[in-house]
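Below: one structure, written as structure tokens.
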């Protein structure tokens, strides 16, 4: 790594513990429609773009329209949890954001979440002040694992890959960062992932990332 001054975060299950709510939301949606669902199908959706996850659900229920209804029910469940203060930060996410913010890193967001939803999450959790740039899934043509969202983030930061770090939780997102040639800390949320590139440092939690950066930035 070069002189790192740019940090690009994924959102879901990297900064916020959304996948646990999404999991319960999918269960709620399928139950509401009287459809049995293999929980492995739900787990397979982690890190996927909205079109890709909708396609998997559509294939499972053999109806695209029904898949959209199920997604809508899941979204209603998510927003209900958001308003009821049930959406929590991942452990050490806030400490890490504060550390980067107070040490003048340029912090960016690169998430498959769409802009209207992402902005609502950041507003509700009072996270807006940390980010100098944000790129949402509906602002790029190609979803992760395509590198477009991370290349766009670099452009917005006017930054080079070697002076930046991505923090991700999924193999899909990590692959996108690797294709953009950005060094990446991977904190797997639910997958068991082996080392896939010299650019990737797999750690067990955000605490490891926090400790690493705090150690190397000691005065």
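The values are calculated or read from the model by the stated rules, or taken from the named source; none is laboratory data. Predicted, not measured: the structure shown is a model, and the values here were computed from it. Positions of Cβ are generated from backbone atoms using ideal geometry, with glycine treated the same way; all protein chains shown enter the neighbour counts.
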Inset, instruction - Please name all residue pairs, on different chains or six or more residues apart, with Cβ atoms under 8 Å, provided the first residue is in segment 152-176 and is assigned by TED's automatic domain parsing to the domain that holds residue 93 and modelled with pLDDT under 95 and the second residue is assigned to a strand (DSSP E or B) and surrounded by fewer than 24 Cβ atoms within 10 Å (Cβ to Cβ). - result: 169/12; 174/200
Inset, instruction - Being at pLDDT below 95, under 25 Å from residue 127 (Cβ atoms) and not in a helix (DSSP H, G or I) narrows it down to one of 47, 2, so name that one. - result: 47
Inset, instruction - Filter segment 60-75 down to the residues that are surrounded by fewer than 14 Cβ atoms within 10 Å (Cβ to Cβ) and within 24 Å of the chain's Cα centre (by Cα), then identify the one that is farthest from residue 20 (Cα to Cα). - result: 68
Legend entry - Residues (out of contact with any helix residue (DSSP H, G or I) (no Cβ under 8 Å at 6 or more places or on another chain) and under 18 Å from residue 89 (Cβ atoms)) located in segment 120-166: 123, 125, 126
Legend entry - Answer from 97, 125 - the residue that is closer than 20 Å to residue 206 by Cβ, buried (at least 20 other Cβ atoms within 10 Å of the Cβ) and either touching a residue at least 60 places away in the same chain (Cβ under 8 Å) or assigned by TED's automatic domain parsing to the domain that holds residue 26 (or both): 97
Inset, instruction - Could you tell me which of the residues 8, 37, 21, 16 is surrounded by 15 or more Cβ atoms within 10 Å (Cβ to Cβ) and without any contact (Cβ under 8 Å) to a residue 40 or more places away in the chain? - result: 37
Legend entry - The one condition in (1) assigned to a helix (DSSP H, G or I); (2) within 17 Å of residue 19 (Cβ to Cβ); (3) touching a residue at least 40 places away in the same chain (Cβ under 8 Å) that residue 86 fails to fulfil: (1)
Inset, instruction - Could you tell me whether any residue of segment 114-134 is modelled with pLDDT of 95 or more and within 17 Å of residue 181 (Cβ to Cβ)? - result: no
Inset, instruction - Sort out which residues of segment 157-190 are over 14 Å from the mean Cα position of the chain (by Cα) and surrounded by fewer than 18 Cβ atoms within 10 Å (Cβ to Cβ), and write them in order of number. - result: 158, 160, 162, 163, 179, 181
Legend entry - Only one of 114, 146 that is in contact (Cβ under 8 Å) with a residue 12 or more places away in the chain, farther than 22 Å from residue 5 by Cα, touching a strand residue (DSSP E or B) at 6+ places or on another chain (Cβ under 7 Å) and surrounded by fewer than 20 Cβ atoms within 10 Å (Cβ to Cβ): 114
Inset, instruction - Report yes if residue 78 is in contact with a strand residue (DSSP E or B) (Cβ under 6 Å, 6 or more places away or on another chain) and assigned to a helix (DSSP H, G or I), otherwise no. - result: no
